[in-house]
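The values are calculated or read from the model by the stated rules, or taken from the named source; none is laboratory data. What you are looking at is a predicted structure, and each value in this text was computed from that prediction instead of being measured. Please note: Cβ atoms are built from the backbone with ideal geometry, for glycine as well, and neighbour counts cover all protein chains shown.
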Amino acid sequence: MEESTGLMNEGELGLRAAAVRVAGPADATAVAAIYAPYVLETAISFEERPPTDAEMAARISKTLSNHPFLVYEAAGRILGYAYAGAHAERAAYRWSANVSVYVDPDAHRRGIGRALYTQLLAMLGRQGFHTAFAGITLPNERSIGLHEAMGFVHLGTYLEVGFKFGRWHDVGWWRLALSQGVPAGEPLPFPQLPQA
């Protein structure tokens, strides 16, 4: 399993001793703290109650049983995270994954989301996944910009699919092809992924 990688474009980011690495349960408190404002203050997340540290630790462990869950750490502080999960439960969907990225609100526009997604998408490709999907609550120009810069293409929009803060919200869906043609085999569970 890949434990750590050097940060790409470190000079541009202006962050010293930064790395994208695989998350663990010990990162749950920092990850939960990043996520909480998105739950409490925005419709970016459709959750209404932020997960506790213990709940987040369980989510990290569950995700890592099959998909990557990465954190961006700089100078000992977690500034963002990204993860993948099953697109849907039916068997034929198993080569598709949903992806999400969250960055500390105080650390936006530093390339952290791009660094996380670069590693996450590469890992999914090496696992044998065919397609990555991202759902974005609209409007969210920052998230759309990141996904389209990473090569995602807009597929369509679910209108009025979520109700939060007293109103309906639309969710747009974006797709990124990770491979071409028919699968060479089953997607490799993340714990079995060899180091690059």
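Consider segment 43-60. How many of its residues are aliphatic (A, V, I, L, M), in a loop (DSSP other than H, G, I, E, B) and touching a helix residue (DSSP H, G or I) at 6+ places or on another chain (Cβ under 6 Å)? Spell out how you get there, then give the answer.
Initial filter on segment 43-60 (aliphatic (A, V, I, L, M)): 43-44, 54, 56-58, 60.
Add one more test, that the residue is in a loop (DSSP other than H, G, I, E, B), and what stays is 43-44.
Restricting the remaining residues to those that are touching a helix residue (DSSP H, G or I) at 6+ places or on another chain (Cβ under 6 Å) gives 44.
Looking only at that region, the number is 1.
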Take segment 43-70 and flag every residue that is in contact (Cβ under 8 Å) with a residue 40 or more places away in the chain and loosely packed, with under 14 Cβ neighbours inside 10 Å.
GLU48, SER65
Could you say whether any residue in segment 176-185 is part of a strand (DSSP E or B), surrounded by 11 or more Cβ atoms within 10 Å (Cβ to Cβ) and either in contact with a Leu (Cβ under 6 Å, 6 or more places away or on another chain) or of a type in the set (D, E, K, R) (or both)?
no
Among the candidates GLU2, GLU89, single out the residue that is modelled with pLDDT under 95, more than 27 Å from PHE163 (Cβ to Cβ) and assigned to a loop (DSSP other than H, G, I, E, B).
GLU2
Within segment 123-137, can you find the residues that are in contact with a Leu (Cβ under 9 Å, 6 or more places away or on another chain) and outside any loop (DSSP other than H, G, I, E, B)?
MET123, LEU124, GLY125, ARG126, GLN127, THR131, ALA132, PHE133, ALA134
